[in-house]
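The values are calculated or read from the model by the stated rules, or taken from the named source; none is laboratory data. Quick caveat, the model's predicted, so the values are computed rather than measured. Note that we place each Cβ from the backbone using ideal geometry, even for glycine, and neighbour counts take in every protein chain shown.
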Amino acid sequence: MPQIDRATVAHIAELAKLALSEEEATLYTEQLSAILEYAERLQTLDTEAIPPTASVLPLRNVWREDAVRPSLPRQTALANAAETDADQFRVVAVWDE
């Protein structure tokens, strides 16, 4: 039975930039171990007679005619905006430090 330890959970949390409480770390250790156990059980299945496929459903594209339609008036679209500037949405800049 595959097991994942708390150190691995802590490493994954660090990679994901998550701060986990002790209770969360314990819960995720159990849950991730259960997922690995299930994946190991799936590996034992005989899939030789099953052809490889990307999807079990038949592919079907649903297309609609590309028609020009009127859009919202600018003032209606901007009515609930926290801030606007020159008839555009104004948002706070976001960057990674």
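Only residues that are in a loop (DSSP other than H, G, I, E, B) and surrounded by 10 or more Cβ atoms within 10 Å (Cβ to Cβ) were counted across the range 30-67, and they come to 0.
Touching a Lys or Arg at 6+ places or on another chain (Cβ under 9 Å) and assigned to a loop (DSSP other than H, G, I, E, B), is that true of Asp87? Yes.
Kindly indicate whether Leu27 is touching a Pro at 6+ places or on another chain (Cβ under 6 Å) and either closer than 30 Å to Ile4 by Cα or outside any loop (DSSP other than H, G, I, E, B) (or both).
No.
Whenever a residue of the range 1-27 is more than 21 Å from Tyr38 (Cβ to Cβ), its partners that are of a type outside the set (Phe, Trp, Tyr) and part of a loop (DSSP other than H, G, I, E, B), lying with C-beta atoms within less than 6 angstrom and at least six residues away or across chains, give the pairs Ala13/Leu20. Quick one: is Thr53 within 25 Å of the chain's Cα centre (by Cα), at negative phi and at pLDDT below 95? So Thr53 passes the test. Among the residues of the range 68-84, those that are in a helix (DSSP H, G or I) and surrounded by fewer than 10 Cβ atoms within 10 Å (Cβ to Cβ) comprise Gln75, Thr76.
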